Each structure stands twice: as C-alpha cells, then as structure tokens.
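Notes follow the structure.
Bear in mind that the values in this text are calculations on the coordinates, not laboratory data. What you are looking at is a predicted structure, and each value in this text was computed from that prediction instead of being measured. Here the Cβ positions follow ideal geometry from the backbone for every residue, glycine too, while neighbour counts run over all protein chains shown.
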Amino acid sequence: MPFSAKSSSKNDAKSASKNTPDLKSLDSDNAVTEAEALEESSHHSSLVDNLTPGKVLRLQQTIGNRAVQRMLQQRSAEATSGSIQRAVGLPTKDEAVQEGGKAGYKIIGKSAYSKILSALEDFRKLDEANQDAIADKCVQIQGYIREWLGSSNRTKNKKGDDRKRFFIGKLRTMVKIKYWEAKYKHKTVDAAKTNAAQNSGQNIMLVKQKLLKDQLSASNKSIDAMLNLLSAARLTTNLEPDKLKLLIAAPDFQNIWMHAYKDKSPGGALPSIDKLGGSNQREDAERWLGYDPFSEDQRENRPAYCGVNVFNNPKGAAPTYGRFFLIFKDAIKSRATFTARDTFAMRKDPDLQGLPSVQTIASADNMEAILAHNEGVLRVLSAMVAQRQAEEADLRRAYVIYIEAQIHGGLSMFDVEEVVVQFTYDDRNKDFNGPDYETVKTFAKKYNIPVRFGGGNGNLVTANALN
C-alpha cells in the first residue's frame, strides 16, 4: 500500500499533519537535489530493507518526499534486475530434519550433524550462477559428513542414528553430484550435448546412407521413431552377487582408478596392470573419451558405466557381465553421455581411427551418433519401427554389441529403481538360489529397492514384502 501525506478525512488529516513534515516550509537553501538525494539514499539503505511507516517518515524528514519516492523506485528496479536464482540440488534444512531427524545436544560447540544442517541452510542462500561458491560449500558439507561418519563409528549406536545414517548416505551422493555439476559438468556432459547437436546433421546423413544401402526406409519419420526408442530405453548394469555384496557395504559405485589410488605404494607408483585387472584398456578408453587416467584430482569424477537396454532384454543390456542387473532411474540420463558400443571396442575400430571421439559421442537429446556407428542396432530398430521381424543375425549382433552409457557425477544405490534376478520368487530358497537370494534381500531392504524375479519381464516384489 503506498504511503501519502494526504488523508481522506479531517481526522486523518490532523493525524497526518502531526506525523508528516510540511514540505512547503522547508528553506529553499536547504532543499536536497535529486543527485544528492540518491547519494544520501545509499546511507539509508538499511531503512529501505524492511519498510515501515516510521522508516518512511524518517527518510522523508531527511531527504524529502520526492527523493524518497524516486529512491524507492530505483531500489525496486535494482531488486528486480539484480534478482538471483537460489542454489538448488540439495535438501533444505527443514527437509533434512524431516528425513534425517533433528540434531542432538552437545555441551561444547556444535555437533557434526548440526554443522551439516547449518551448511545446508547456507547453501540455499547462494546464487546458483556462482559455481565456485557452490563447489566450496559442497566441499565443506563433505567435510562435515566425514566428521559425522567418523564420530558415529566411534560411539555406541544411539536412537535415531540409523535414520541419520541412511539420510547422510543419500546426502553424500547428492553433494557429490552437485560438486561435479559445479566443477566438471560444462567440461563433460554440456560439451557432449553441444558436440552431439552440432554433429547431428552429419550423423543423420550417415544413417540414411546405411539404410538406403540395405534397402531400408530412410525417411525422417522412421529415423525419428528410432531415436525416440533410444531415448526411452532404460539404463542397466549387469553384475554378479559378489559385486552386490560390495554395494551393500558401501552405496557408491567405485571406478578402477579409485581403487588404484587406494593401493598406491609409498613412492607414489600405481599398482601393476595385472593387479588392476585391465587398467591398460580402461586407460586407453578414457583417454579416447578425453580423460587423463592418472590425474589424481579427477579419479572420483570419472564416469561410471552401464548399458542402454533398448530392446528390453530380460537379462539386461550386457548379460555377459553378470546374472543380476540393476535398472537405474531415468533422472541420471541428464548427466550421461553415450557411445554406440563399449568404449573398449570403439577406440579400436579402424573405421573411427581418423574421426575425433567427440563426433561419435551422443547425449540424451541427440542420439544420432548411436545409429550412425552401430549397424546391428540400426537394422533391428529399423525393423521395429516398420513392424516387421528383425533378422536373427542382426538381433544377436545387437545384443552382443551393446550401447554404452557413461554416467558422470557418480552413481550410487540411490539412483537404482529396481534389481532384477533370473530365478523366480517361488524358487528363491532352493539350494542353488538360496545364497544369492539372501544377498539380494539384504541389498533390497537396506536401500528400499524392489526386486523383480524371473528376469526383466517377471514379477516385482517390494523390499518390505521380501521374506
């Protein structure tokens, strides 16, 4: 409501005359110019931050009515033009308390959990555009998380600690992703999106040439339908039960380089190639993707790998890697890049030797490079959109030469939507399946992830219903 020195009634006028200075009576020699008023207003900014009638009156007495009006208009314009988008991606303090519980009492100083809550509150005050400040705040929160985990491991488990521990595990993953977004997203996923968009036309031409060569439909409608199937496909990771046990102990997927640096000798040398189990191939593959495998500050920010299950294989996108598979939430696609085949194979392909890797890497929005460089997938998808049966040889080739996704910013159990096993729920306790089922049940209950029994087309059972 605007403030005015005038009143609509005699009583109001009397009241206003007592509280408002008579501007006409001001000595002209003491009048304040507009420039002086605006300069003076900077000294009274604290009065404008939280306006009350009393504050407005004090400003009117100091610099005059017109100057106050002009000052308020300027302040309003500055507030509009200088508005910022607050940092997002981490829970608010209230959300953290709701999910993880309140902080306990500490006689001296603040507990590590209290520090986490305070840091989350500070995080929300940051400008989303200030990526350096966001990265620094994420590092601070990560330090408080390590402090809390250290103290909780040294002390007896208290009431509410399990709830806090689950929330802290989830928060740690979120902070890691936010840190990656602030430091590396523009170098990886954003760059891939730009390159994929720029190369989409060239890749479409290559796709059309291959389709016409095989006398298949090369219409834009058909190609768009194929790209839609690729975009809608679920991302999966196949693994054996022993790997699932590792994920029960710690929720984060760890890449080969994180293990390498844990096992470094005192002199700083990395473990042998044999101990790393194929690190020479991973080194070549990640150099091809644009990473420096032996850069220590990047090791935790290297991608995790999974497959694109475009044909809904009930055994997962890459069954040769394991009998079980995890289906990930679609949200991770926003921080994924894609290659038409396993990067181990891509880097060795003679047809790609003279081609920069950026021309063969796809993004979730531009999948043309997948069709251009995986002929098995192209032929099967062409048959699917034409509603005809694909050739058996093409199907076998498409299943073996799977599409690879590189997930940036970390991958954890909190990104998993389902775990899929090949045995049925009725057969879960048979001798052959018993040990595997116990592992799956422990995993599912810890992270509250449903289990699908009997392969990808089987029955889904919630974690709470497992027995």
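For segment 343-395, the set of GluC sites (Glu not before Pro) satisfying both a DSSP loop assignment and a count of at most 16 other C-beta atoms within 10 Å is given as E391. Each principal axis of the Cα cloud of segment 144-227 was evaluated for its coordinate range; sorted largest first, these ranges are 70, 25, 16 Å.
Modelled spin labels at D224 and K125, positioned 7 Å past Cα toward Cβ, are 5.0 nm from each other.
Relative contact order for segment 95-233: 24 percent, from Cα pairs under 8 Å spaced at least 6 residues apart, divided by residue count. For segment 347-437, averaging the sequence separation of C-alpha pairs within contact (under 8 Å, six or more residues apart) and dividing by the residue count gives a relative contact order of 14 percent. Of the listed pairs K159/K245; K213/K315; K170/K430; K193/K445, which have alpha-carbon separations greater than 29 Å here? Result: K213/K315; K170/K430; K193/K445 exceed 29 Å. Peptides 149-159, 116-126, ordered by how many other C-beta atoms sit within 10 Å of their residues on average, highest first, read 116-126, 149-159.
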